[in-house]
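The values are calculated or read from the model by the stated rules, or taken from the named source; none is laboratory data. Quick caveat: nothing in here was measured; it's all calculated off a predicted structure. Note that we place each Cβ from the backbone using ideal geometry, even for glycine, and neighbour counts take in every protein chain shown. Areas reflect the complete protein model, heavy atoms only, side chains present, ligands, DNA and RNA absent. Shrake-Rupley method; radii C 1.70, N 1.55, O 1.52, S 1.80 Å.
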Amino acid sequence: MDWRVVPSRGVLTGRARVPGDKSIGHRALLFGALCNGACEIVGLSSGEDNQRTAQALRAMGVRIEEKGAHGVVVHGVGLRGLKAPSSPLDLGNSGTSMRLFAGLMAAQSFPSVLMGDEYLTKRPMRRVTEPLSRMGGRLRGQPGKKAGEEYPPLEILGDPADGLVGITHDSKVASAQVKSAILIAGLYARGVTFVREPGPSRDHTERMLAYLGGPVETPRPGVARVTPDGWNGVLSARRLVVPGDPSSAAFLVAAALAVGTGPGGVVIEATCHNPTRTGFLDALRAMGAHAEPVGLREEAGEPVADWVVPPGQPELRGVELGGDLVVRAIDEIPILAVLAARARGTTVVRNAAELRVKESDRVATTVRMLRAFGVDADELPDGLVVTGSPDRKLDAACVDSAGDHRIAMSAAVAALCAEGESRVIDVANVATSFPSFRALMASLGAEITGVEGEE
Ligand code: S3P
């Protein structure tokens with residue numbers, strides 16, 4: 001499947017609600033399954049990545065009932081109630097599922113195999129196999145491109161006879177997936193499990209575990225601790241509300257800023273406004289844009305707000321982005337780079353080497369995408385440089401998504417600002433996170449036409 005995108009003829013206006021946050025959705029399903037009792041999950045995305053987590057849990061005996069279009073009821077089996085799956089667990093494109101399940105499966109009494117698609121199979125797993133092995137987990141990945149690294153499938157033997165032990169892990173990367181894998185295994189371990197990160201990654205695992213009565217503490221940002229000794233081993237079923245995914249909302253906000261908004265502006269309702277996820281809005285502010293949270297509230301342990309892009313925006317300016325802000329905007333760097341192309345001056349993104357091990361090497365694929373649109377962009381070892389101009393339109397382009405949903409959606413937004421019709425190739429992957437992307441863009445006034453690939 002490809003997209004044909006014609007330049008936007010007018011401004012965008014309206015209200016939209018993006019699918020539930022993918023990160024929170026994975027955790028709601030997984031922790032719901034470990035609860036004693038039934039958890040209703042409201043607002044769950046129907047995206048393929050969350051579905052992979054649900055399927056894997058079903059394969060281990062967890063009953064998950066559909067309830068309307070965006071709700072499920074997970075009948076929890078308790079911390080020790082999962083059953084051995086009869087075949088490898090196929091996690092598709094979902095890196096979060098694989099890393100979270102690595103922690104879960106290392107603590108089970110039965111063996112398992114975790115596999116994924118051709119893209120996931122290229123992603124590094126030693127960052128989880130190493131600390132989980134130190135906890136006593138018996139798991140290993142496959143050798144691959146980089147010596148000493150491990151890749152999927154992961155073969156997991158199940159916990160040793162004397163169980164897992166807690167560790168202190170000083171993570172080299174700020175990664176919520178790594179942190180979460182270790183904390184999940186820590187629920188089953190003897191003693192304290194402690195994770196320290198170079199910068200505070202998203203904290204949905206800690207928030208949800210605390211909400212369900214799990215033995216977790218966050219003494220300060222970037223530090224998390226699980227202390228199961230003295231805990232009754234029960235996660236208590238509660239209603240879980242999944243707010244809109246800010247990483248999906250970012251594409252609609254960026255489209256509104258790139259082509260302009262009409263009276264009333266663009267409002268993305270009920271978006272997750274967790275401070276570990278708001279780097280995108282902070283970056284926009286630094287670029288001179290007005291995009292603000294309104295009606296901040298809390299639902300099921302997560303901050304939520306409507307994101308509002310009012311009309312009458314000033315010209316964007318180039319900025320330098322790095323440090324903790326990049327961790328808090330890691331999935332939004334490709335779309336920020338598109339806005340950088342519309343800004344006056346140069347934008348430099350640093351401390352973003354993690355982008356190279358996402359669904360694609362996003363440093364390379366973002367720069368390639370921008371260059372296809374005639375933008376002056378270069379790779380840095382740990383980021384990128386974009387020199388933008390609000391004065392001239394982008395060139396019409398033909399861009400291959402490289403199998404990466406966020407590159408496909410970033411290219412579609414860029415194409416709205418191009419001189420003529422553009423094409424984005426291989427967009428089926430958008431279904432992993434944001435199946436309603438095209439429909440919501442259309443509801444705001446931007447047409448993106450789906451066409452069969454292979455002409
Ligand atoms: C995620 C964490 C981030 C993010 C990914 C989702 C999560 O990855 O890029 O899309 O749900 O924990 P890392 O943990 O590798 O930084």
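Ignoring lysines fewer than eight residues from LYS122 along the same chain, the ones with Cα atoms less than 26 angstrom from its Cα are LYS22, LYS145, LYS146, LYS172, LYS179, LYS358.
Here the Debye sum runs over all C-alpha atoms of the chain as equal scatterers in vacuum, and log10 of I(q)/I(0) at q = 0.11 Å⁻¹ comes out as -0.83.
Go ahead and run the numbers for FRET between ARG15 and GLU118, Cβ-Cβ distance against an R0 of 41 Å, rounding to 0.05.
Details: r = 38 Å, r/R0 = 0.92.
Computed FRET efficiency for ARG15 and GLU118: 0.60.
Positive contributions from Lys and Arg (+1) and negative ones from Asp and Glu (-1), summed over other residues with Cβ under 11 Å from the Cβ of LEU57, come out at +4. At a probe radius of 1.4 angstrom, the accessible area of the range 22-241 per residue rounds to 38 square angstrom.
Calculated mean residue ellipticity, 222 nm, the chain: -8500 deg cm²/dmol, from DSSP H runs (n ≥ 4) at -39500 (n - 2.57) each, averaged per residue and rounded to 500.
Loop-resident trypsin sites (Lys or Arg not before Pro) (DSSP state other than H, G, I, E or B) in the range 372-420 with no more than 13 further Cβ atoms inside 10 Å of their Cβ: ARG392.
Positive-end ranking of VAL308, HIS290, GLY318 along the dipole of the range 257-335, with charges on Cβ about the Cα centre, is headed by GLY318.
Which of the three applies to the range 211-306, rounded, prolate or oblate, going by the alpha-carbon gyration tensor with a ≥ b ≥ c and a/c under 1.5 meaning rounded?
On the way: a/c = 3.83, a/b = 2.25, b/c = 1.70.
Judged from the Cα gyration tensor, the range 211-306 comes out prolate (a/c at least 1.5, a/b above b/c).
According to the square roots a ≥ b ≥ c of the eigenvalues of the Cα gyration tensor, what is the shape class of the range 300-391, taking rounded for a/c under 1.5, prolate for a/b larger than b/c otherwise, and oblate for the remainder? It is oblate, given that a/c is not under 1.5 and a/b is not larger than b/c. Think of a 1.4 Å ball rolled over the protein heavy atoms: the range 301-359 then has 33 Å² of accessible area per residue. Out of the DSSP beta bridges found with both residues in the chain, what percent are antiparallel (nearest 5)? Bridges in the chain are about 70 percent antiparallel. Taking Lys and Arg as +1 and Asp and Glu as -1, the other residues whose beta-carbon sits under 13 Å from that of ALA254 total 0.
Accessible area of the chain with a 1.4 Å probe: how many percent of it is carbon plus sulfur? Result for the chain: 50 percent of the exposed heavy-atom area is carbon or sulfur.
Spin-label model, ALA442 to VAL223: label points 7 Å out along the Cα-to-beta-carbon direction sit 5.2 nm apart.
Here's the picture: a label point sits 7 Å out from the Cα of ARG344 along the beta-carbon direction, and within the range 244-263 the residues with their amide nitrogen under 17 Å of it are 258.
What shape does the range 22-241 have by the C-alpha gyration tensor, where a ≥ b ≥ c are the square roots of the eigenvalues, rounded means a/c under 1.5, and otherwise prolate means a/b greater than b/c and oblate the rest? Each step should come with its number before you reach the end.
Numbers: a/c = 1.37, a/b = 1.12, b/c = 1.22.
Rounded shape, in that the Cα axes give a/c under 1.5.
Write down the percent of antiparallel bridges among all DSSP beta bridges whose residues are both part of the range 22-241, to the nearest 5. The partial results should precede the final answer.
Numbers: 24 of 33 bridges.
Taking every DSSP beta bridge with both residues in the range 22-241, the antiparallel ones total about 75 percent.
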